[in-house]
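Working notes, beginning with the structure itself.
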Amino acid sequence: MSNIMNAWKAAKIKRSVRQIRGEKIFRASLVLISLSILVIVVAFLFTLVIQSLPSIKALGFGFLYGKTWDPVHNIYGTYPFLLGTLLTSFLALIISIPFSFATAIFLGEYYPRGWFSDFLKNAIELIAAVPSVIYGFWGLFVLVPIVRSLELKIGVTPYGIGIFASSLILTIMIIPYAASLGREMVRMVPSSLKEAAYALGATRYEVIKNVILPYSRSGLLAGVLLSLGRALGETMAVTMVIGNTSVIPDSIFAPGNTMASVIANEFTEAASSLYLSALIEIGLVLFLVTVIINMVGKRIIKKFTSE
Amino acid sequence: MKPNIKYRLGKSRFFKGLIIALSVLCTVPLFIILIYIFKEGFSKINWHFLVNMPKPVGEAGGGIANALVGSLLIVFYASLIAIPLGIMCGIYLSENRNTRLANWTRLSVDVLQGTPSIVMGIVVYFWVVKPLHTFSALSGSVALAIMMLPIVVRSTEETLKLLPDTLKEAGLALGLPYHKVILRIILPCGISGILSGVILAVARIAGETAPLLFTAFGNLYFSTNILKPMESLPLLIFNYATSAYDDWHNLAWGAALILLIWVLLLNIITKIITKKWRVQF
């Protein structure tokens with residue numbers, strides 16, 4: 001009898017030892033995998049810095065404000081691309097803000113529920129889901145001819161492709177980011193505040209202008225920053241409609257290049273190591289800028305939602 | 001100084017109209033694009049289009065079999081890498097909310113989420129393409145996997161955070177080891193949230209082109225070898241759309257419609273999952 005008991009106990013101990021070991025392995029692998037994501041990001045930055053070192057050493061700060069980009073003669077100045085990126089992104093941002101804020105107010109304040117608001121919400125999400133290469137393709141075949149006829153009418157050189165067409169495509173693509181975040185923020189305005197304003201005799205417009213917008217200001221700003229981050233890093237749609245010339249654009253209707261599009265176009269053709277390294281340095285700058293903008297946006301959201 | 005009430009109400013009504021007009025206007029381009037792609041692409045798609053190879057310039061017809069299979073393979077391998085890693089990392093983050101590692105990892109996930117996709121391509125070029133001395137489908141999958149990770153991690157973390165602690169405590173009180181509590185109780189309870197995150201991530205990377213430019217590279221021929229360059233739908237659309245030939249444009253329209261349907265279907269499936277099996281306690 002005691003023999004059986006002993007064997008049973010031994011088996012039990014063996015099983016719990018196995019389970020404890022399994023538990024340890026599981027906990028360790030959780031930690032390891034989380035650590036590996038951290039390592040990926042550190043290695044990511046490290047790779048970019050190492051690979052762009054030759055260009056940083058050879059070109060210094062002149063890299064950022066040099067006005068000519070001429071790989072054949074080993075002259076690398078990224079000012080045209082910086083300008084192209086800033087022009088397309090901010091133009092798109094300025095056009096998109098009225099639309100995204102209107103959608104945020106519409107979905108957050110006027111019609112928070114009901115079939116029409118569901119429909120609009122899903123449509124806005126769909127805009128973000130359509131692949132950027134499809135936007136580029138459509139832009140190239142439909143939007144560019146429209147822009148060209150517009151340019152003919154106002155009397156500038158009718159390129160069609162260029163900064164303006166890219167900005168229009170970007171506008172469509174970045175609306176969802178500010179709109180859906182803005183909607184959450186508008187919704188979070190406490191109803192006691194709104195009711196107090198109504199009780200004082202304010203109209204709906206006055207409530208929105210004097211209560212809702214000031215209260216959700218920082219949240220709306222965060223949405224705009226996320227949109228900006230998206231616009232700066234967007235590659236394919238812009239590459240397809242911007243025209244890809246490495247000269248400084250002389251108007252918003254001229255063709256140009258952005259930081260992302262020059263990498264997309266020239267990376268596989270870069271013959272010399274300095275050329276490649278210069279392209280990677282553009283990538284490094286783009287990476288740092290978008291990451292910082294995204295971080296600031298997320299910080300604001302966190303602060304806003306925890307209050 | 002003080003405008004009368006009629007003026008104020010009129011202004012309010014005007015503002016409401018303006019808001020409605022602007023928000024309806026933002027969806028117009030979406031429908032124009034969807035209708036245009038359907039109109040252009042629909043006539044090109046048939047059985048022949050799906051199972052044949054692209055024809056050389058000058059010959060009408062041809063299909064996109066290589067891109068279709070390539071896209072499926074690249075996305076499949078990317079999911080194979082990213083889903084287990086992402087879910088495990090999400091579990092760690094929801095289980096350890098305030099450790100130093102959790103905070104750093106959360107920061108890293110945010111950094112990855114904000115990284116422009118083209119930069120992803122550059123880095124993976126040096127990680128995989130350079131050491132292997134060739135463009136390969138594998139490197140494309142790695143780049144897409146890194147893009148998937150933040151979405152999977154975030155959705156897993158957010159879903160598991162919703163589950164009440166009592167679930168876990170009940171399991172532990174019965175003497176279950178920790179890994180069984182997580183894998184057999186916590187994960188199944190949150191499976192719908194995690195699943196919708198995963199599908200959303202797949203939909204997101206299925207249309208990515210920029211990270212594939214210097215990794216999977218594209219291939220005019222049929223290939224299933226993951227160590228060789230491979231064609232994919234977004235790459236084919238980009239290359240053929242920017243070419244100068246009408247036959248290739250036609251192929252690209254068809255491919256664009258297929259890609260669009262694929263992405264829309266995945267998004268709709270996510271919607272249905274979150275609606276039908278919402279994680280609720």
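Being buried (at least 21 other Cβ atoms within 10 Å of the Cβ) and without any contact (Cβ under 8 Å) to a residue 24 or more places away in the chain is the filter; apply it to region B:241-272 and report the residue that is farthest from the other protein chains (Cβ to nearest Cβ). This residue is B:Ala252. Exactly one residue among A:Ile293, A:Ile301, A:Ile252 is aliphatic (A, V, I, L, M), surrounded by fewer than 24 Cβ atoms within 10 Å (Cβ to Cβ) and more than 14 Å from chain B (Cβ to nearest Cβ), and that residue is A:Ile252. A single entry from B:Phe238, B:Phe217 fulfils the requirement of being in contact with a Phe, Trp or Tyr (Cβ under 9 Å, 6 or more places away or on another chain), surrounded by fewer than 23 Cβ atoms within 10 Å (Cβ to Cβ) and among the hydrophobic types (A, V, I, L, M, F, W, C): B:Phe217. Look at region B:164-191 and say how many of its residues are within 14 Å of chain A (Cβ to nearest Cβ) and either of a type in the set (Phe, Trp, Tyr) or farther than 23 Å from B:Gly86 by Cβ (or both). The qualifying residues number 7.
Just to be sure I understand, how many residues within region B:1-60 are among the polar types (S, T, N, Q), within 14 Å of chain A (Cβ to nearest Cβ) and under 28 Å from the mean Cα position of the chain (by Cα)? Summing the residues that are among the polar types (S, T, N, Q), within 14 Å of chain A (Cβ to nearest Cβ) and under 28 Å from the mean Cα position of the chain (by Cα) in region B:1-60 gives 2. Listed by position, the helices (runs of 4 or more DSSP H) contained in region A:108-182 that have at least 3 residues being in contact with a Gly (Cβ under 7 Å, 6 or more places away or on another chain) and of a type in the set (A, V, I, L, M) form an empty set. Selection of first residues in region A:57-80 that are outside any strand (DSSP E or B) and of second residues that are among the acidic types (Asp, Glu), restricted to Cβ pairs under 7 Å at least 6 apart or on distinct chains, gives the following pairs, ordered by first then second residue: A:Phe63/A:Glu281. The listed residues are A:Ala92, A:Ala128, and the only one of them that is under 30 Å from A:Ile212 (Cα atoms), surrounded by 19 or more Cβ atoms within 10 Å (Cβ to Cβ), within 22 Å of the chain's Cα centre (by Cα) and within 14 Å of another protein chain (Cβ to nearest Cβ) turns out to be A:Ala92.
I'm trying to understand the selection: among the residues of region A:145-169, which are within 12 Å of another protein chain (Cβ to nearest Cβ) and in contact (Cβ under 8 Å) with a residue 40 or more places away in the chain? If the condition is that a residue be within 12 Å of another protein chain (Cβ to nearest Cβ) and in contact (Cβ under 8 Å) with a residue 40 or more places away in the chain, then A:Ile161, A:Leu168, A:Ile169 are the ones that fit.
Every residue, every condition in (1) surrounded by fewer than 16 Cβ atoms within 10 Å (Cβ to Cβ); (2) in contact with a helix residue (DSSP H, G or I) (Cβ under 8 Å, 6 or more places away or on another chain); (3) hydrophobic (A, V, I, L, M, F, W, C); (4) more than 9 Å from chain B (Cβ to nearest Cβ), yes or no:
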{"residue": "A:Val17", "(1), (2), (3), (4)": "yes, no, yes, yes"}
{"residue": "A:Glu23", "(1), (2), (3), (4)": "no, yes, no, no"}
{"residue": "A:Phe26", "(1), (2), (3), (4)": "no, yes, yes, no"}
{"residue": "A:Leu30", "(1), (2), (3), (4)": "no, yes, yes, no"}
{"residue": "A:Ile37", "(1), (2), (3), (4)": "no, yes, yes, no"}
{"residue": "A:Val41", "(1), (2), (3), (4)": "no, yes, yes, no"}
{"residue": "A:Phe44", "(1), (2), (3), (4)": "no, yes, yes, no"}
{"residue": "A:Leu48", "(1), (2), (3), (4)": "no, yes, yes, no"}
{"residue": "A:Leu53", "(1), (2), (3), (4)": "yes, yes, yes, yes"}
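Only residues that are more than 7 Å from chain A (Cβ to nearest Cβ) and among the acidic types (Asp, Glu) were counted across region B:99-126, and they come to 0. Assess whether B:Lys44 counts as being charged (D, E, K, R) and surrounded by fewer than 18 Cβ atoms within 10 Å (Cβ to Cβ). Here the answer is no, as B:Lys44 does not meet what is asked.
Criterion applied to A:Ile95, A:Ile163, A:Ile134, A:Ile169 was being of a type in the set (A, V, I, L, M) and either at pLDDT below 95 or touching a strand residue (DSSP E or B) at 6+ places or on another chain (Cβ under 9 Å) (or both), and the one residue passing it is A:Ile163. Among the residues making up region A:131-142, a single one is surrounded by fewer than 24 Cβ atoms within 10 Å (Cβ to Cβ) and more than 7 Å from chain B (Cβ to nearest Cβ): A:Phe141.
For region B:61-73, how many residues are under 16 Å from the mean Cα position of the chain (by Cα) and within 14 Å of chain A (Cβ to nearest Cβ)? Looking only at that region, the number is 1.
The values are calculated or read from the model by the stated rules, or taken from the named source; none is laboratory data. On a predicted model such as this, the values are computed, not experimentally measured, just so you know. Counting neighbours? That spans all protein chains shown, and the Cβs are built from the backbone with ideal geometry, glycine included.
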